[in-house]
Amino acid sequence: MDVLFQQLFNGLTVGSVYSLVALGLTLVYGILHIPNFAHGALYMVGAYITYTMMTSLGLHYVFAIVVSIISVGLISVLMERIVFHPLRDSTPIQHKVAAIGVLLFLEALAHYIWGADYQQMVTPYGQVIEVFGLTLTMQRILIVVTAIVAMILLYLFLKKTYTGASIIAMAQNREGAHLMGINTNKVAMLTFFIAGVLAALGASLTSPINLVFPSMGHLVILKAFVIIIIGGMGSIPGAILGGYILGFSESIGATYISSDYSDIIAFVLLIIILTIKPQGIFAKGEA
Amino acid sequence: MAAIFSKRNVVIGLIVLAALFPYVARNDYYLHVLTLAFIWMIAVYGLNLLAGFTGYLSLAHAGFFAIGAYALGLLTVKAEMGFWPAFLLAPVITTGIGFLVGIIALRTKEHFFAIYTLCVGYIIYLVIDKWEGLTGGVRGLIGIPAPADIGPISLSTPIAQYYFVLTILLLVILVIYRIIHSLTGKTFIAIRNSEDLALSLGISTIKNKLLSFVLSTFFAGVAGALYASFIRFIGPDIGNLNITFDLLVYMIVGGIGTLSGPIVGTLLIVWLSQNLQFLQDYRMLIFGPLLTLIVIFSPRGIVGFIAGWFTNWKLRRKVNINQAQEQAEEV
């Protein structure tokens, strides 16, 4: 029984990170209908910036994360301005290719600056504590708590502020939002900023448990796509729920089936879902 | 002037150039690079048929390339089959798997299709990587035989292999040309331009999309089988996403949805890569932004850009001639 709870907790940590990444992806998709393949690269850059801030500038982990999320947010905005804004009226295939171009560039850049080696990020929260017979590390608790706080803040921002509501308005109807006097350019930039922040946050939180390397974003972005297809492209609650569903199924699958193939669970899940419902579970979420 | 540069003469000229290359270059390394480039072109033609002419971007293309390569490798090395039966069977196996994947994948559209095939590609890679009993896992497959002799013709020298691959490439281009200019090709283009419209005209979009998908996997399989017999060692890396992205770069730079795009793009990028050897792993620092820039500024790649410029030039000349005639009449 202990094993099960331990695995459930692991699922919760993994799921929290997945949800953060998927949230950014789903927000961008909701606004611009772009499957942002470069999102995984932002995730990777986020981890590297935190790592560099800690090792070369000696910043504290928390401050390093703050620097990282702001820089990645800005990189994300820059990407929207340079790449996606000029392409706003073109065909879907062009969006995808452009995003892949950015992905390839950022990965090569990381490879160039930081090398191909796997880097270990040290966390000041490595303590192990016992709660109800479970062995938990502070870092994992930090991941879960931070992720949930971030999600609540995002929810409040989207529901309670005018700016946040304009994002939802634009996701629901772009022309309508424009007619109501919403500056769609600003909203698109803001959305990309939030997406970058969430990706960097997720990456920085999980890096001390995993490792930092140039292609670390590949698997995560693939899984994030699976999650937002499970949850409905553009749906925010769907992304959160989907993230945790995947996190739990992976950690339980790893224990009771095979740890070798735990990565494949996400894709099998996706193939089953798209085979049955080609438009995803909830066709075009309400956001 | 125009008569000399007619389409037919240019094509014949290029074929003669390609045929003479081994005697002009007299360099085994260049021959190797060019042969490999020809193999990539075949794969890019497959991708272009589906993405460029039918409008469905498949990101599992390297996966099918790898299936073709591993089919040939496993049939010759493990099943100890002769080269030619294996070489014929490998694309058939790839096409069979492509058919099964296509039936399901083509239920999805646009982004979903891209994401779905991305995941299919990754699964193919994972299976090759993890199924050590069959594929040898990360150690890969070694000792794949080179093409067997056809009667008195030996295919073991680099020059013979060059001509062998070139012949197959020319056949592939001919087949693609015939497809594009047939009713089937027009149907593919109709689906690309508007699937709903095609459907309303009574085109069975599902059947045609599946045909396009299966054909594209067939060419990937042919390219994979050629690759395996040419390099004679294969590892799971050939099914990796990076290969799909390489093929995508070749296609986009050359010109998506154009007949000569795959040749232009592949030659240009392979040539650039050779000249930018010092970049090696960082070559995507240049090709990544190049991909994005081309998509933004010239969506039909280099070929599309030149073709557009040429059409403009022709139009302008026509206008000039007309004006000149009018002026002459006035005088």
Failed condition for residue A:112, given (1) of a type in the set (Ser, Thr, Tyr); (2) surrounded by fewer than 13 Cβ atoms within 10 Å (Cβ to Cβ); (3) within 14 Å of chain B (Cβ to nearest Cβ): (2)
Every pair of residues 6+ apart whose Cβ atoms lie under 9 Å, when the first sits in segment A:50-63 and is farther than 17 Å from residue A:139 by Cβ and part of a helix (DSSP H, G or I) while the second is modelled with pLDDT of 90 or more and among the hydroxyl-bearing types (Ser, Thr, Tyr): A:52/A:68; A:53/A:68
Criterion: under 28 Å from residue B:249 (Cβ atoms) and either surrounded by fewer than 19 Cβ atoms within 10 Å (Cβ to Cβ) or free of Cβ contacts under 8 Å to residues at least 12 places away in the same chain (or both) - qualifying residue of B:65, B:99, B:113: B:99
For a quick check of your reading: which helices (runs of 4 or more DSSP H) sit entirely within segment B:11-119 and have at least 1 residues that are at pLDDT 90 or above and farther than 30 Å from residue B:160 by Cα? B:83-105
Contact list, first residue from segment A:85-103 and facing chain B (nearest Cβ under 7 Å), second anywhere and among the charged types (D, E, K, R), beta-carbon distance below 9 Å, six or more apart or interchain, is A:92/B:110; A:93/B:110; A:96/B:110
Any chance segment A:1-21 includes a residue that's aliphatic (A, V, I, L, M), more than 28 Å from residue A:152 (Cα to Cα), in a helix (DSSP H, G or I) and within 14 Å of chain B (Cβ to nearest Cβ)? no
Of (1) in contact (Cβ under 8 Å) with a residue 24 or more places away in the chain; (2) among the acidic types (Asp, Glu); (3) away from chain A (no Cβ under 14 Å), residue B:195 satisfies every one except (3)
Scan segment A:185-197 and give yes if some residue there is within 14 Å of chain B (Cβ to nearest Cβ), in contact (Cβ under 8 Å) with a residue 12 or more places away in the chain and under 17 Å from the mean Cα position of the chain (by Cα), otherwise no. no
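Each row is one residue, and each column tells you yes or no for (1) surrounded by fewer than 19 Cβ atoms within 10 Å (Cβ to Cβ); (2) at pLDDT 80 or above; (3) of a type outside the set (Gly, Ala, Ser).
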{"position": "B:227", "(1), (2), (3)": "no, yes, yes"}
{"position": "B:241", "(1), (2), (3)": "no, yes, yes"}
{"position": "B:254", "(1), (2), (3)": "no, yes, no"}
{"position": "B:257", "(1), (2), (3)": "no, yes, no"}
{"position": "B:312", "(1), (2), (3)": "yes, yes, yes"}
{"position": "B:317", "(1), (2), (3)": "yes, yes, yes"}
{"position": "B:328", "(1), (2), (3)": "yes, no, no"}
Here's a check for you: in segment B:195-214, which residue that is crowded, with 24+ Cβ neighbours inside 10 Å and not polar (S, T, N, Q) is farthest from residue B:109 (Cα to Cα)? B:213
For segment B:263-298, name all the residues that are under 14 Å from residue B:248 (Cα atoms), away from chain A (no Cβ under 11 Å) and either free of Cβ contacts under 8 Å to residues at least 60 places away in the same chain or in contact with a Pro (Cβ under 7 Å, 6 or more places away or on another chain) (or both). B:264, B:268, B:269
Given the criterion at pLDDT below 85, at negative phi, among the small types (Gly, Ala, Ser) and assigned to a helix (DSSP H, G or I), identify the matching residue among A:254, A:224. A:254
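Condition check ((1) out of contact with any Gly (no Cβ under 8 Å at 6 or more places or on another chain); (2) within 14 Å of another protein chain (Cβ to nearest Cβ); (3) among the hydroxyl-bearing types (Ser, Thr, Tyr); (4) surrounded by 20 or more Cβ atoms within 10 Å (Cβ to Cβ)) across all residues:
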{"position": "B:118", "(1), (2), (3), (4)": "yes, yes, no, yes"}
{"position": "B:125", "(1), (2), (3), (4)": "no, yes, yes, yes"}
{"position": "B:128", "(1), (2), (3), (4)": "no, yes, no, yes"}
{"position": "B:144", "(1), (2), (3), (4)": "no, no, no, yes"}
{"position": "B:152", "(1), (2), (3), (4)": "yes, no, no, no"}
{"position": "B:155", "(1), (2), (3), (4)": "yes, no, no, no"}
{"position": "B:159", "(1), (2), (3), (4)": "yes, no, no, no"}
{"position": "B:164", "(1), (2), (3), (4)": "yes, no, no, yes"}
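The values are calculated or read from the model by the stated rules, or taken from the named source; none is laboratory data. Bear in mind the structure is a predicted one, so any value in this text is a computation, not a measurement. Cβ sites come from the backbone with ideal geometry, for glycine too, and all protein chains shown count toward neighbours.
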